[in-house]
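Contents: one structure, followed by commentary.
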Amino acid sequence: MAALHDLTIQESHTLLRSGQVSSVELTRACLDRIRKVEPKIKAFVTVTEDEAMRMARRADKERLYNNGSPLAGVPVQIKDVMCTENIRTTCSSRMLEDFVPPYSATVVERLYAKGSVLVGKGNMDEFAMGSSTENSAFYPTRNPWNMDRVPGGSSGGTASAVAAGEAIFGLGSDTGGSIRQPAALCGIVALKPTYGLVSRYGLIAFASSLDQIGPMTRDVRDAAIVLNAIAGHDAKDATSISANLPDYTSELGKDIRGLKLGVPREYFAEGTQPGVSEAMNKALKVLEGLGAKLEEVSLPTTKYALACYYIIAPSECSANLARYDGVKYGYSHSDSGTMWEGMEKTRQVGFGPEVKRRIMLGTYALSSGYYDAFYIKAQRVRTLIRREMEEAYKKFDALVTPTSPTVAFKLGERTQDPVQMYLSDICTIPINMAGIPAISVPCGFSEGMPVGMQIMGPVLSEPLLLRIAYAYEQATAWHKDRPRL
């Protein structure tokens, strides 16, 4: 049997139900792992040991795992952008360093209802703005495969925690690739759902038309299990959709013979590392060997997605973050002569450099005289990107690309070059712009670092994506590799 902290959700559930292990033992194993590796990795902002042990004891006392929920008694880490009642939620920002929410996000409530055990809150890029988790106001998180490299971002703390065995699974948020890119760089699975499928109530907003919450897990089945728990309409979220929810595990195990998979050439363009291309080409051959029909396709609007994203997302962020004025909640600068001076200094001190950069970009794009030239134009191009995707799915069941053009880069390597940092998300941003789902699965190694493959499909195609990803996963063994710590 694998070490307890290395188990999947399904393996944990089997042991819990059979009585071979208790939730207290499983939770203790993760907390011991946190104590051992956290000084090096820094994946957590807050470790909730007392709360975790209380929840684990309840799971054991009431034997919640006998009631059918595979998540009962299983330790989870949640990105520190989702509100947790009476537990500090910082967004890895000085602005919210002492913020304790009076309520929990809907996804957190749904995991609690299934009996999950919260072991802590994950470090992240401040307000989810970044691709390396170096923009945290507290400290950078390191990649468990190589401590000199980043884990990706902005959900880098959760990706590192799951990869390192500090939690059995995690929840992250994805605005432009923030769960898929770090999952690829850390060698785990992540699924970004269709926009509106998972409630955003209680998720601290960055860019409201793009933000989504999704599972970060060690294998595809676990991702399906978590999606079963968190998907569904929520009246508290105006963007939540009403859809018939399937059992997301039901398609796992079905073959993929005859499925048509498109391979967009623009995602293998200049900037893709040779090692990533090599791993991807081998992965495509595996899919072909499983009976899928692969064909190259062109998505020419892809090259505009990054530029559009960095107009739309900062514009929405400048509006969403206007609420942090030092009056209502969060950090408040007290040493100032007037209200206006206090507000200015609150934002000057409370926000980090990347957040301030994006607020300025967005405010400029929304300002009089530039709104039509930038924001409206970007929204029109976004429509073209979505329509192009819709056309592609008339011919193909799904599209397959690298998740990231590179493997994890070294800490500090891109911090002085924002454009180079933004290019880290070039393969994931179009999916958020179109509002469609995508999953990232491990597909090999380059330079000793994990490589991820992204499979994307039309709106509400999560069952199909899970089926393809599971078929690939069962034909390979990349998901079983663990970093040596």
Check your understanding: What are the residues in the stretch 104-136 that are more than 22 Å from residue 67 (Cβ to Cβ) and of a type in the set (Val, Ile, Thr), if any?
Key -> 133
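Take the residues of the stretch 86-117 that are under 19 Å from residue 57 (Cβ atoms) and either part of a loop (DSSP other than H, G, I, E, B) or β-branched (Val, Ile, Thr) (or both): which is most open to solvent (accessible area, probe 1.4 Å)?
Only one residue tops the list, namely 86.
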**Study point:** Test: residue 165 is under 13 Å from residue 485 (Cα atoms), open to solvent by less than 10 Å² (accessible area, probe 1.4 Å) and touching a Lys or Arg at 6+ places or on another chain (Cβ under 9 Å)
**Key:** yes
Check your understanding: Any idea which of (1) surrounded by 24 or more Cβ atoms within 10 Å (Cβ to Cβ); (2) among the basic types (Lys, Arg); (3) over 30 Å from residue 359 (Cβ atoms) is the one residue 40 doesn't satisfy?
Key -> (1)
Check your understanding: If you go through the stretch 278-287 one residue at a time, do you hit one that is within 30 Å of residue 366 (Cβ to Cβ), surrounded by fewer than 18 Cβ atoms within 10 Å (Cβ to Cβ) and free of Cβ contacts under 8 Å to residues at least 24 places away in the same chain?
Key -> no
Practice item. Might you check whether a residue that is in a helix (DSSP H, G or I), in contact with a Ser or Thr (Cβ under 6 Å, 6 or more places away or on another chain) and not aliphatic (A, V, I, L, M) occurs anywhere in the stretch 412-429? Key: yes
Point to revise | Given (1) out of contact with any Pro (no Cβ under 8 Å at 6 or more places or on another chain); (2) over 30 Å from residue 83 (Cα atoms); (3) not basic (Lys, Arg), index of the condition residue 389 fails | key: (1)
Check your understanding: Of all residues in the stretch 233-263 being surrounded by fewer than 16 Cβ atoms within 10 Å (Cβ to Cβ) and among the charged types (D, E, K, R), which is nearest to residue 399 (Cα to Cα)?
Key -> 260
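Per-residue answers, yes or no, for (1) touching a Pro at 6+ places or on another chain (Cβ under 7 Å); (2) modelled with pLDDT of 95 or more:
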residue	(1), (2)
248	yes, yes
270	no, no
280	yes, yes
284	no, yes
287	no, yes
296	no, yes
309	no, yes
319	no, yes
Point to revise | Flag if residue 430 is more than 24 Å from residue 316 (Cα to Cα) and touching a residue at least 60 places away in the same chain (Cβ under 8 Å) | key: no
Study note, to complete from the structure: Filtering the stretch 140-162 down to residues that are surrounded by fewer than 24 Cβ atoms within 10 Å (Cβ to Cβ) and either in contact with a strand residue (DSSP E or B) (Cβ under 7 Å, 6 or more places away or on another chain) or at positive phi (or both) yields 146, 148, 149
Review point. Can you tell me which of 91, 83 is modelled with pLDDT of 95 or more and farther than 23 Å from residue 164 by Cα?
Key: 83
Practice item. Please state which one of 211, 222 is under 23 Å from residue 78 (Cα atoms), crowded, with 18+ Cβ neighbours inside 10 Å and out of contact with any Phe, Trp or Tyr (no Cβ under 8 Å at 6 or more places or on another chain). Key: 211
Exercise for review: Return yes or no: is residue 64 out of contact with any Lys or Arg (no Cβ under 6 Å at 6 or more places or on another chain), at pLDDT below 95 and buried (at least 19 other Cβ atoms within 10 Å of the Cβ)?
Suggested key: yes
Practice item. For the stretch 264-356, please list each of the helices (runs of 4 or more DSSP H) lying entirely inside it that holds at least 3 residues being within 26 Å of residue 433 (Cα to Cα) and touching a Ser or Thr at 6+ places or on another chain (Cβ under 6 Å). Key: none
Review point. Would you say residue 435 is surrounded by fewer than 20 Cβ atoms within 10 Å (Cβ to Cβ) and within 16 Å of the chain's Cα centre (by Cα)?
Key: yes
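May I ask you to list the residues in the stretch 376-391 that are of a type outside the set (Val, Ile, Thr) and surrounded by 20 or more Cβ atoms within 10 Å (Cβ to Cβ)?
Scanning the stretch 376-391 gives 378, 382, 389.
The values are calculated or read from the model by the stated rules, or taken from the named source; none is laboratory data. If you're wondering where the values come from, they're calculated on a predicted model, not measured in any experiment. Here the Cβ is made from the backbone with ideal geometry for all residues, glycine too, and neighbour counts use every protein chain on show. For the accessible areas, the whole protein counts, side chains as well, though only heavy atoms, and no ligand, DNA or RNA atoms are used. Shrake-Rupley method; radii C 1.70, N 1.55, O 1.52, S 1.80 Å.
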